Amino acid sequence: MDIESIHPLTVILFLPAAGAVVIALLIKEAKAVRITAALFTFIAFALSVALFVAFDRDGGLQFVEGPARWIESLGAQYYLGVDGLGLSMVILTTFLGLVSVFVSWKINIRVREYYIWLLLLETGILGVFCSLDLLLFFLFWEVELIPMYMLISIWGTPPPLGRKEYSATKFVIYTLFGSAFMLAGILCLYFSTPEPHTFSMVAIASGGVEWLTPVIPLASIFFLIFIAFAIKLPVFPLHTWLPDAHTDAPTAVSVILAGVLLKMGAYGMVRLIAGFGDGGLVPGVAEDYATIIAAFAVVSVLYGAAATMRQTDLKKLIAYSSVSHMGFVLLGIFAFTQLSLTGATLQMFSHGLITGLLFAMVGLVYDKTHQRQIPVLGGLARQMPVIAVVFSIAGLAALGLPTTIGFAAEFTVFLGSFTSDAYYWVQAMVVLAVLGIVVGAGYILWMLERVFYREPKEKYDGVGDADNMEKAYIFAFVILIMLFGVYPRLLLDVISPVFSSWG
Amino acid sequence: MDFWLLSPELSICGIALLVILLDLVIEQKKLLAAISVAGLIIPIAFTIALWGETETSFSGMLVVDDFSLFFKFLIYGIAALVILSSVDYISKFARFQGEYYALVLLSAGGLALMATTGELISIYISLELASISLYALVAFLKDSKSSEAGLKYMILGAISSAVLLLGMAFIFGMTGTTHLDEILTRVSELVAGGQLWDTPALLLGIVLMVAGFGFKIASVPFQMWVPDVYEGAPTPITAYLSVASKAAGFAVILRVFHAAFGDPLISGDWAMIFAVLGAISMTLGNVVAIAQTNIKRMLGYSSIAHAGYIMVGLAAISTLGKSGVLFFLAGYALANLGAFIAIIVVSSKIGSDQISDYSGMVRRSPVLALILAFCLISLIGIPPTVGFMAKFYIFNAAIQQDLLWLVIIAVLNSVISAYYYLRVVKVMYLGEPASEEAVPSSIPLRITLAITSLGVLVLGVYPWLVLKLAETAAAIAP
C-alpha cells in the first residue's frame, strides 16, 4: 500500500489530539488513561518511522497534503508537507512524545487532565513542523502555549523548591511577546507578495526577492519574525524564561521543552533564511546581519556555558546547558553553507535526544532521592549503577564525545561554519564557540563527579535503581544516541539534500 | 411602504407586546422565556429570508441590505442566548419577570433598527428605543449597586444622546439634510470646493457624533460608566450590554462614517481619530483590568480593550476592515457571552463575583471551568479559538492600510491581556476549592454554554463559515 494514500501527516498530526479527545470523553481510570496515551503516541511514532523509511532521499517536499482551501478570501490554506528538516523534527517529536508518556507514568495527581494536555501539546508542536502555510504555522505555534502553561503550572515544582506559577506565566508572556511581533511580520510578508496575496511558505520561498514588493523594508520583516524564534531558541539575552520553565516543569515536560519546543525556534530560523532549500522566506537579509547574529550565538554559547558551570541545582544545570548548545545551532545556521546548515539541523536533533535523556535522568535521580541539589547528592553510582551509567553516557554525549550523535552534530557545525565565508570574522567566531565545548566538558564531568562518583552517602542506601520501564526508555535513548553517533549518514542522507543549493 | 422589509422589527415588537400581555395571565413565568425565545425565531427567519435584498424604503429611512441583516441576525441571536441564560437568574424575582423579557426584546429591536437606518433621525430614535429599555434592565435588581448602575447609565447615556443629537444638528445645519447619502454628496461638494476647513461646524458635528457613539461602544474617553454598570447590572444584562450594544454601536459607526463621511479626502482624518482612540482604549482597558478583583469589572475593562481592537478595523478604511469589524463582533459575542454565562452559573451557586472565589473550580465542575477558560483564551486571542481568527483578520486589514504601528500596539496589548485572563484560569485550575460541592447548571444554561463554546471552537478552526457572510455584508457599498 502506498503510504501517501492515508494522508500520513494529517494522521500523525492529529493522532495525539484524537487520543486526548478519547481520554476526555471515554476513559476514567488512571491506568487506562496511560495506556491509551501510550497507544496513540506509539502509533504516531510508528507512522513517522514509516515515513522516514519511505522518504525519498533525493530530497524535496514529500507527503504533501493540500493545499486545500481554508480561509478563501485570505488565501490561507490547509497545506502540509515535510522535507528532510521537517521530517527529522517530526520523528524527534513523536519519539519524545511517546517517551514522555512513560516518563510521566508515575504521575498520580489529576492523571486524565495531565495526559490530555500532554497529547494536545504534541499535536501543537507537530503542526509547527508540518505546516507549509504561514497562518497554519502561526496557529500551531500558539496552540502549544496553553497546554504548556497548564502542565507547568499544575504539575510543576511547587514552592519552596520551585515557583511553578511564576515560571509558567513567564513562559507564556515571553512567547506571546515574541509571537506578537511574528504576527506583524507575517502579515507584512503576506502583503508583500503579489496579488492575490499568499501565506504559502513554499510560494514565498521560491519567489525570491524580485517577486516581493515589500510594504516595509525587508529587514524589518525579517527581524519582526526573527525575534519570536530568537526567544524560543533562546538567544542571549532573551533566554531568561528558559531556566525557570525547565526547572519548574514536571520531568516529561522538561523533556519535551528541551527536546522539541526549543527546536521550534531553530526550525523557524532555518525556514526563514533557507526556506525549502531555496531563497528563504525573507530573502537577501540574513547575510547582511550574519556577523551580529553570530556574535549573539557565540555569546549564548559562552555565557550559557559559564552560567551552567556555577549551577548547583541539577535541573537548572541542564537547562542552562541548553542555552549554550542552542548557540551552536544559531552559529551553524548563520554560516550559510550546506555543511553548517546540515550540522545545525543535526545538532537540533542531537540536542533533542541528549538533553531529553538528561532531563529524564535528572527526573529519575529526583524520584529516587527527592533531591536535586548537587552538593547534597554524591556517590550515587553505588546505589543506582544503571542510572549512573546512562547519565554518564548522556553527559558524555552532551560534551561531544565521538561515537555519540553529539560529536557528529557539533563537528559538522564547526566544520561547516569554519569553511564558510559568510562574514569576515567567521573563523574567529567558530574558534570562540569551540571554547564552549571545553567549558562544556568541564561542567558535565564536574557534575557527574559530584553527583555519582564521590564517597557514597549512607542516607541514599537502598533508594533503588531504575525499574524495568525506566530502563526501557532510557536504553531506547542510548541506542539512538549511539546509532546516529556511529552512523550519522542515516540522518545526513535525509537532511543534507535540503541545503544542496548552498555552497 | 414596504412592510416586508420591516418585518423582523415589527415581529419582534409584536412578540414583546405579546409577552407583556401573556404575563397577565400566565402563572408559570418560565413559559414567558420559552415564548420569547421561540418568538425570536420569527424575526430571525425573516432576516434569513431577506438575506440578499438590497432595498431602501420609507423615503430612505430604512435600508435593508446584507450589512444590516448581518447585524440583525447577530443581535437577535444574542438576545435569544441572553434570554435563555436569564431564565434561572430571573426566576428568583417575585415580580416583573414578563417585563424583563419584553424589555430585552424591545431593546433588541432598537439595536437591530440602529443597523438598518440610513438617516440621522431614525438612528437617534432607534438608539433611544434600545437605550431606554437598557436603562431599566440595568437597574432591574433594585439593590443599591444595581440602582446606582442604572442611574449612572441613564444620566451618562442621556448626556451622550444629547451630545449625539447636537452633532446631528450641526451636520443638518451644514448640509441641509439628514439622509446619509445626501450628506455624502454635500460633503463631497464642500471638499471639492476646498471649503471643508472653512466649515468648522461640520467638523465639530463629526467629532460630537464620535463622542455620542463612543459611549455606546465603550471607547476611551467615554468609558467611565463601564465598570460600575457592568458590576451592578444583572449579569445577563451585563453580557447583553457588552456584546449587543457594542455591535449595534459599531454598526451605526460603520454606516454613518462610511456612508456620509466616506469621501477619501476626509476619511483619513476620522480614521486617525479612531486609530488613536482605539490604541488608548485597548491600552487603558488592559492595564486597568490587571488590577481588578471582581470578574465582572475585569470583563468590563476587557470590553473597553476590545472596543479598542475593533476600532483598529474602523481605522483601516477598506472592505477588509469592515468585514473584520463584523467578524470580530460575532466572535467577541460568542466568547464574551460564553464567559458571562459561565459566570452566571458560578455566581448563582457561590453568590460572589470575586475572582478569588473561583478557586479550584475545575474540581467542582470541570466542564464549566474548561468552557470559561476556553472563552477567556479566546478573548486573549490564542488559537484554536475564534478570538485568534478575529484578531488576525482585523490586524490583517490594518496592515493592508499601512497601520503597522497600530497593529504592534494591539498585539502587545494582547500580551498584556494574557496576564489577567490567565490569572482567572490559574485560580480555577490551581487553587484549592472552598468546597467539593459541584456547581449545578440548568438545561437552558447548558444549551447556551454549548452553543457559545462550540461556536468559539468551530469558528476558531474554520472561520470561513461566518467570515464569508461578513465579507458579503461588508461588500455592500458603502
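The values are calculated or read from the model by the stated rules, or taken from the named source; none is laboratory data. This is a predicted model, so every value here is computed, not measured. Cβ sites come from the backbone with ideal geometry, for glycine too, and all protein chains shown count toward neighbours. Heads up: the accessible areas ignore ligands, DNA and RNA and are worked out on the full protein's heavy atoms, side chains in. Shrake-Rupley method; radii C 1.70, N 1.55, O 1.52, S 1.80 Å.
Taking segment A:198-224 as the range and being in a helix (DSSP H, G or I) and within 13 Å of chain B (Cβ to nearest Cβ) as the test, the residues that pass are A:Ser220, A:Ile221, A:Phe223, A:Leu224. For segment B:390-430, which positions are facing chain A (nearest Cβ under 7 Å), of a type in the set (S, T, N, Q) and open to solvent by less than 10 Å² (accessible area, probe 1.4 Å)? Result: B:Asn396, single match. Of all residues in segment A:465-478, those satisfying the criterion of being over 19 Å from the mean Cα position of the chain (by Cα) and in a helix (DSSP H, G or I) are A:Asn468, A:Met469, A:Glu470, A:Lys471, A:Ala472, A:Phe475.
Of everything listed in (1) surrounded by 22 or more Cβ atoms within 10 Å (Cβ to Cβ); (2) touching a strand residue (DSSP E or B) at 6+ places or on another chain (Cβ under 7 Å); (3) polar (S, T, N, Q), the single unmet condition for B:Thr56 is (1). In segment B:143-192, the residue that is farthest from B:Val252 (Cα to Cα) out of those that are outside any helix (DSSP H, G or I) and hydroxyl-bearing (Ser, Thr, Tyr) is B:Thr177.
Among the residues of segment B:77-86, are any without any contact (Cβ under 8 Å) to a residue 60 or more places away in the chain, among the aliphatic types (A, V, I, L, M) and assigned to a loop (DSSP other than H, G, I, E, B)? No, segment B:77-86 contains no residue that is without any contact (Cβ under 8 Å) to a residue 60 or more places away in the chain, among the aliphatic types (A, V, I, L, M) and assigned to a loop (DSSP other than H, G, I, E, B).
Selection of segment A:142-197 for residues being under 29 Å from B:Gln401 (Cβ atoms), β-branched (Val, Ile, Thr), in a helix (DSSP H, G or I) and more than 7 Å from chain B (Cβ to nearest Cβ) yields A:Thr175, A:Ile186.
For segment A:59-77, does any single residue satisfy the condition of being among the small types (Gly, Ala, Ser) and within 16 Å of the chain's Cα centre (by Cα)? Within segment A:59-77, not a single residue is among the small types (Gly, Ala, Ser) and within 16 Å of the chain's Cα centre (by Cα).
Here's the yes/no breakdown for (1) open to solvent by 40 Å² or more (accessible area, probe 1.4 Å); (2) away from chain B (no Cβ under 14 Å); (3) small (Gly, Ala, Ser); (4) under 23 Å from A:Leu490 (Cβ atoms):
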residue: A:Glu65; (1), (2), (3), (4): no, yes, no, no
residue: A:Ser73; (1), (2), (3), (4): yes, no, yes, no
residue: A:Ser88; (1), (2), (3), (4): no, yes, yes, yes
residue: A:Leu92; (1), (2), (3), (4): no, yes, no, yes
residue: A:Val99; (1), (2), (3), (4): no, yes, no, yes
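Residues checked against (1) open to solvent by 30 Å² or more (accessible area, probe 1.4 Å); (2) not hydrophobic (A, V, I, L, M, F, W, C):
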| residue | (1), (2) |
| --- | --- |
| B:Lys92 | yes, yes |
| B:Gly109 | no, yes |
| B:Val138 | no, no |
| B:Ala162 | yes, no |
| B:Met168 | no, no |
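For segment A:101-141, a residue qualifies if it is charged (D, E, K, R) and either surrounded by fewer than 24 Cβ atoms within 10 Å (Cβ to Cβ) or within 14 Å of another protein chain (Cβ to nearest Cβ) (or both), and the qualifying residues are A:Lys106, A:Arg110, A:Arg112, A:Glu113, A:Asp133. With respect to the conditions (1) among the β-branched types (Val, Ile, Thr); (2) in contact with a Leu (Cβ under 8 Å, 6 or more places away or on another chain); (3) open to solvent by 40 Å² or more (accessible area, probe 1.4 Å), B:Ile155 falls short on a single one, namely (2).
Scanning segment B:311-325 for residues that are modelled with pLDDT of 90 or more, touching a His at 6+ places or on another chain (Cβ under 8 Å), assigned to a helix (DSSP H, G or I) and within 21 Å of B:Ala470 (Cα to Cα) turns up at least one hit.
B:Ile217 fulfils the conditions (1) in contact with a Lys or Arg (Cβ under 6 Å, 6 or more places away or on another chain); (2) open to solvent by 10 Å² or more (accessible area, probe 1.4 Å) except for a single criterion, (2).
Sub-7 Å Cβ pairs linking a first residue in segment B:423-450 that is in contact (Cβ under 8 Å) with a residue 24 or more places away in the chain to a second residue that is open to solvent by less than 40 Å² (accessible area, probe 1.4 Å) and of a type in the set (Phe, Trp, Tyr), at least 6 apart or interchain, are B:Val424/B:Tyr358; B:Val427/B:Tyr358; B:Met428/B:Tyr358, ordered by first then second residue.
Answer with yes or no whether B:Phe46 is touching a Pro at 6+ places or on another chain (Cβ under 7 Å), under 25 Å from B:Ala330 (Cβ atoms) and either open to solvent by 50 Å² or more (accessible area, probe 1.4 Å) or of a type outside the set (A, V, I, L, M, F, W, C) (or both). Criteria met by B:Phe46. Only one entry of B:Leu62, B:Leu31, B:Leu50 meets the criterion of being touching a Ser or Thr at 6+ places or on another chain (Cβ under 8 Å), without any contact (Cβ under 8 Å) to a residue 60 or more places away in the chain and not charged (D, E, K, R), and that entry is B:Leu50.
For A:Ala422, state whether it is out of contact with any Gly (no Cβ under 9 Å at 6 or more places or on another chain), in a loop (DSSP other than H, G, I, E, B), at pLDDT below 90 and under 26 Å from A:Thr312 (Cα atoms). Spell out the reasoning first.
On the way: out of contact with any Gly (no Cβ under 9 Å at 6 or more places or on another chain): yes; in a loop (DSSP other than H, G, I, E, B): yes; at pLDDT below 90: yes; under 26 Å from A:Thr312 (Cα atoms): no.
Answer is no for this residue.
Just so you know, in segment B:454-478 the residues that are more than 14 Å from every other protein chain (Cβ to nearest Cβ) and in contact (Cβ under 8 Å) with a residue 60 or more places away in the chain include one that is surrounded by the fewest Cβ atoms within 10 Å (Cβ to Cβ), and it is B:Pro478. Residues that are in contact (Cβ under 8 Å) with a residue 60 or more places away in the chain and open to solvent by 30 Å² or more (accessible area, probe 1.4 Å) within segment A:415-445 comprise A:Leu415, A:Thr419, A:Ala422, A:Tyr424, A:Trp425, A:Leu432, A:Leu435, A:Val439, listed in sequence order.
For every residue, the table says whether it meets (1) β-branched (Val, Ile, Thr); (2) modelled with pLDDT of 90 or more; (3) surrounded by fewer than 21 Cβ atoms within 10 Å (Cβ to Cβ).
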site	(1), (2), (3)
A:Ile216	yes, no, yes
A:Leu224	no, yes, no
A:Ile227	yes, yes, yes
A:Pro250	no, yes, no
A:Val255	yes, yes, no
A:Leu262	no, yes, no
A:Ala266	no, yes, no
A:Gly280	no, no, no
A:Pro283	no, no, no
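Residue check: is B:Ile125 farther than 30 Å from B:Ala94 by Cα, in a helix (DSSP H, G or I), at pLDDT 90 or above and under 23 Å from the mean Cα position of the chain (by Cα)? Considered against the rule, which asks whether it is farther than 30 Å from B:Ala94 by Cα, in a helix (DSSP H, G or I), at pLDDT 90 or above and under 23 Å from the mean Cα position of the chain (by Cα), B:Ile125 comes out as yes. Filtering segment A:229-243 to residues that are aliphatic (A, V, I, L, M) and either more than 15 Å from the chain's Cα centre (by Cα) or under 15 Å from A:Phe328 (Cα atoms) (or both) leaves A:Ala230, A:Leu233, A:Val235, A:Leu238.
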